[in-house]
């Protein structure tokens, strides 16, 4: 199910989560419930949770922590009391030994009593501030998912977790990129400032028209690609670490918290 920007742009976080929980919303969350902090999801057994926590602490740019649940409890008590991480995202991904095996709309039957859920900051959070400043967001204009790419930038390893940083890309003119950098400096817990501007090959991206995740968007004359660290990085890391099981969000299908974007400034 695709989302309707006009219908959901001003939805509250709770309304959006209720729709996801009931199966009425399974689309991407960019451009909707604007003003609310969105988050990436990573769920691991308790035995692997410390290594992943350490990985996030060592790589705060792609993995800024928003919340961590108690083992076995799917409620993110700090950022969305009463929510359920087993049901309240539009779509999930299930990895077994590093291989993607399913993309369900809930994980109720999979949930285990030793699972720990991590919510990691998302660049969708700062997009409201960019739009208010009059900056273009091509994926929202086109009603599609933001393009995301694996890079040759290695994350700092922690225990079993190691791998490349993933970035999201938004085309802008150089002047717009400077303004966006100033705005995003206020959102360190949502990836903060861009990590690269311009030549994609300099960070290992071979074909800007073929993203590894999300949808390709056109880059107009006079624009350059602007890259931000991305919370899909854990999915690339999971593919390399190959834990027995890991559950994440499907890229672009975020958890929407009760926090407002200004809470992260």
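Throughout, read-outs are computed from the coordinates displayed, never taken from laboratory work. Just so we're clear, the structure is a prediction, and the values are computed from it rather than from any experiment. Because the Cβ atoms are built from the backbone with ideal geometry, glycine has one as well, and the counts that use them run over all protein chains shown.
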*Among 89, 44, 131, whose mean-square fluctuation peaks in a Gaussian network model of the chain (Cα, cutoff 10 Å)?*
131
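Given only helices, namely DSSP H runs of n ≥ 4 each adding -39500 (n - 2.57), what is the per-residue ellipticity at 222 nm of the chain, to the nearest 500 deg cm²/dmol? Intermediate values should be presented prior to the final figure.
Working: 7 runs with 60 residues, N = 265.
Computed ellipticity for the chain at 222 nm equals -6500 deg cm²/dmol.
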*For the chain, with a Gaussian network of springs between Cα atoms less than 10 Å apart, report the residue from 117, 216, 175 with the top mean-square fluctuation.*
175
*Have a look at 214, 192, 134 and tell me which one the Gaussian network model of the chain (Cα, springs below 10 Å) gives the largest fluctuation.*
134
*Based on other C-beta atoms within 10 Å, arrange 111, 228, 259 from fewest to most.*
111, 259, 228
_Neighbour-count ranking [beta-carbon atoms within 10 angstrom, fewest first] of 94, 226, 262_ = 262, 94, 226
